[in-house]
Amino acid sequence: MITKLRIDRDCLDAELKDLTNWATVKTDGWTDAKRVRFEKFEGAIHKYFAGACVKDICLEFGISRQELHRAVRRCLKHHQDGRVWGWRGLTHYARQKQYVRTKAVIPHPRAKKGGDTGAFRQFLDQNPDIEEGIQKRFYREMGDEMVDEPRIPVTAILMWVIAACKRKGLTGRDYPLCTQSLGRTALWRYLNDLIASDTQRAADARFGKHAARRWRHTGHGPSTVKATRPYERIEFDGHRIDQSCILLIPHILGGYVKRHLERLWLLIIIDVFTRAILGYHISLNSEYNADDVLLCVKHALTPWTPKTITLSGLSYATGAGFPSGIENLNWVAFEEFSYDNAKANLAQKVLNKITRVAGASINPGPVEMPERRPIIERFNQTLEEAGYHRVPSTTGSGPNDPRRRDPKKAAEAFEITSDHVREIAELVITRYNATPHSGLGFKSPLDVMTAFAADENGLRNTIPEHRRNKLGLLDIEFTKTVRGNVAQGRRPYVDCEHARYRNDVLARNVDLIGTKLQLVMDPEDPRSVTAFLPNGAEFGVLTANNFWGITPHTLEMRKAIHLLKKNRLLFLSDNEDPIPTYMKYLAESANNKKNTQAYAKARDYLRRHESSKKTFLPRKVKSKQSLADPETPLVKRTITY
């Protein structure tokens with residue numbers, strides 16, 4: 001007859017009999033008696049699996065056959081971690097199964113404590129409806145019975161348990177009403193067990209969406225693969241700037257009118273391997289959009305040049321700058337673009353442009369999960385602490401931050417403008433790129449970038465030279481029909497976004513009337529568009545009529561002017577430049593928050609063009625020669641603003 005105490009060691013798997021794979025036990029700090037007992041059974045099991053006679057083992061170690069088999073069975077039992085217990089099974093008083101109480105709870109004086117081990121579990125087994133009610137309230141799954149509380153406290157659950165016991169006819173001689181705490185401690189331990197048994201469900205119900213999201217997405221599965229070289233993986237994020245600022249708008253009677261800007265966004269692109277900031281963009285919109293994301297990408301790809309700093313006493317730190325300012329790092333494209341699932345980032349326009357122009361693969365992460373982009377999230381904290389939190393108009397990290405002292409009033413008193421916000425960002429970011437980093441062996445991000453740039457086998461993923469003059473990140477495509485009428489003396493033209501476009505070639509080809517052309521427009525400079533024939537062949541550059549083809553403006557400005565004209569809020573003659581009139585209208589009506597932001601963006605755009613004295617160049621020369629060839633004659637027309 002085979003009893004449960006006997007084991008056939010010859011039938012066990014070889015993996016189970018390999019004692020080197022068993023979980024070990026650290027016996028340091030044990031008492032001598034406890035250590036001697038452990039070593040006695042350890043030696044016996046070693047000889048047992050080595051094939052020694054059971055009778056000889058029992059005589060040598062002074063244990064019975066039943067004790068030996070019991071010890072082996074405990075060691076071979078499966079543990080909750082997926083392995084066998086191993087040598088852990090020899091630990092004295094190690095419990096391998098849950099305690100189940102069989103004795104009824106005897107009422108005792110309230111002053112007496114103890115003797116109720118397992119009583120609450122016994123009580124729930126006898127009353128499964130009460131256990132179901134506890135779990136429904138704890139997990140917020142009441143359904144149609146009642147409206148779920150945001151987070152029902154343990155005390156409220158205990159009161160419901162007591163009321164349920166009384167409805168069942170239980171008295172003060174029954175558990176849990178017979179205990180001093182009425183089962184409060186036992187209930188608290190039971191709820192903790194619910195958290196341990198189904199943590200995700202408990203996190204969703206008890207600890208808020210942030211904790212539930214972190215528990216769901218972090219700490220399990222393969223970790224994020226780290227970058228091994230520059231530009232292999234970059235992280236992007238939009239961060240709201242913790243600072244209030246004003247906008248100075250010229251008044252028609254002289255001087256300026258101060259208008260408050262409540263919300264600004266800083267968009268950052270950072271290289272994971274070197275911790276270097278590749279590019280940034282400050283958006284004056286209340287929420288950044290797809291164009292803001294692409295402008296940030298454009299800044300990261302194009303070569304950097306120092307800007308003029310107007311803040312008194314401030315200048316660039318020694319060696320400060322951006323990687324794109326290094327000679328061998330001009331026009332370097334990144335391989336992987338990592339960002340969160342914010343709506344502006346998910347726009348199809350952004351995905352297409354980044355993959356086609358920048359040549360990067362997309363790695364979107366979950367929304368509001370900064371743990372998936374730790375490098376850039378840590379930099380956002382550094383930027384705030386080193387920059388915006390130190391100015392008088394800071395809004396601090398929250399309403400209770402002691403650094404927050406009427407930021408709007410401080411911004412107006414010190415005339416902290418949006419230009420100052422940009423210059424602070426420029427100086428802090430460039431200084432950060434030149435500051436030694438502990439994660440880089442106390443080298444600066446620019447030092448690491450320079451070392452890789454000097455390696456001939458290093459960075460080779462660059463944007464082709466013929467595409468550098470026109471990245472096309474912000475380009476918009478239209479399909480428009482060529483219009484015209486010979487009988488009325490109207491030469492062929494294309495009507496696009498409230499302006500007529502044509503060139504000398506189109507004006508002479510009346511046979512193109514009725515043909516659909518594909519137009520590619522840069523919304524940052526819609527004065528000209530590139531036209532393509534239906535078969536995909538390039539037709540040439542078309543220029544807008546009148547001031548739309550001369551005065552610098554954006555597509556957003558043009559649409560706003562057209563809307564004001566339509567609503568009879570702006571009156572223009574045929575020979576009047578619309579841009580100055582539009583700016584005057586925004587300045588006079590800047591009490592409106594939306595107009596204040598529109599004025600700020602339009603003013604910054606015109607200021608950039610005025611400072612650079614841009615030259616209007618056709619997008620491609622008709623001779624089809626390369627613009628990079630120094631021998632190629634360039635046909636250009638300089639516009640004076």
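Might you check whether a residue that is open to solvent by 50 Å² or more (accessible area, probe 1.4 Å), over 23 Å from Trp30 (Cα atoms) and outside any helix (DSSP H, G or I) occurs anywhere in region 63-72? Within region 63-72 (the criterion being open to solvent by 50 Å² or more (accessible area, probe 1.4 Å), over 23 Å from Trp30 (Cα atoms) and outside any helix (DSSP H, G or I)), the answer is no, since none of the residues qualifies. If you go through region 318-334 and keep only what is closer than 13 Å to Leu446 by Cβ and not in a helix (DSSP H, G or I), you end up with Thr318, Gly319, Ala320, Gly321, Phe322, Ile326. From the residues in region 33-61 that are outside any helix (DSSP H, G or I) and open to solvent by less than 60 Å² (accessible area, probe 1.4 Å), which one is modelled with the highest pLDDT? Looking at residues that are outside any helix (DSSP H, G or I) and open to solvent by less than 60 Å² (accessible area, probe 1.4 Å), I get Ala52.
Filtered by the rule that a residue be in a loop (DSSP other than H, G, I, E, B) and open to solvent by less than 60 Å² (accessible area, probe 1.4 Å), region 285-295 gives Asn285, Ser286, Tyr288.
Residue-by-condition table, conditions (1) under 20 Å from Arg35 (Cα atoms); (2) without any contact (Cβ under 8 Å) to a residue 24 or more places away in the chain:
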residue: Asp56; (1), (2): no, yes
residue: Glu60; (1), (2): yes, yes
residue: Leu68; (1), (2): yes, no
residue: Thr91; (1), (2): yes, no
residue: Thr102; (1), (2): no, yes
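With the structure loaded, tell me whether Cys165 is buried (at least 17 other Cβ atoms within 10 Å of the Cβ) and assigned to a loop (DSSP other than H, G, I, E, B) or whether it fails that test. The answer is no for Cys165. Residues that are within 39 Å of the chain's Cα centre (by Cα), among the basic types (Lys, Arg) and open to solvent by 50 Å² or more (accessible area, probe 1.4 Å) within region 556-568 comprise just one, Lys559. Scanning region 12-59 for residues that are farther than 16 Å from Cys75 by Cβ and under 48 Å from the mean Cα position of the chain (by Cα) gives Lys26, Asp28, Gly29. I'd like to check something: does region 556-570 contain any residue that is in contact with a helix residue (DSSP H, G or I) (Cβ under 9 Å, 6 or more places away or on another chain), within 21 Å of Asp475 (Cβ to Cβ) and either free of Cβ contacts under 8 Å to residues at least 12 places away in the same chain or not in a helix (DSSP H, G or I) (or both)? For region 556-570, residues in contact with a helix residue (DSSP H, G or I) (Cβ under 9 Å, 6 or more places away or on another chain), within 21 Å of Asp475 (Cβ to Cβ) and either free of Cβ contacts under 8 Å to residues at least 12 places away in the same chain or not in a helix (DSSP H, G or I) (or both): absent.
Residues in region 478-502 that are touching a Pro at 6+ places or on another chain (Cβ under 9 Å), open to solvent by 30 Å² or more (accessible area, probe 1.4 Å) and over 28 Å from Ala290 (Cα atoms): Arg483, Arg502.
Take the conditions (1) open to solvent by 50 Å² or more (accessible area, probe 1.4 Å); (2) in contact with an Asp or Glu (Cβ under 7 Å, 6 or more places away or on another chain); (3) of a type in the set (D, E, K, R); Asp475 misses just one of them, which is (1).
The residue of region 444-457 that is nearest to the chain's Cα centre (by Cα), among those that are crowded, with 16+ Cβ neighbours inside 10 Å and not aromatic (Phe, Trp, Tyr), is Pro445.
Those helices (runs of 4 or more DSSP H) of region 174-250 in which 1 or more residues are at pLDDT 85 or above and more than 33 Å from the chain's Cα centre (by Cα) occupy 184-197. Which residues, taken from region 296-345, are within 18 Å of the chain's Cα centre (by Cα), within 20 Å of Glu524 (Cα to Cα) and open to solvent by 10 Å² or more (accessible area, probe 1.4 Å)? Hit for region 296-345 is Ala344, nothing else.
The values are calculated or read from the model by the stated rules, or taken from the named source; none is laboratory data. Just so it is clear, the structure is predicted and the values come from calculations on it, not from any experiment. In this analysis, Cβ positions are derived from the backbone assuming ideal geometry, glycine residues included, and neighbour counts consider all displayed protein chains. Accessible surface areas use protein heavy atoms only, side chains included; no ligands, DNA or RNA. Shrake-Rupley method; radii C 1.70, N 1.55, O 1.52, S 1.80 Å.
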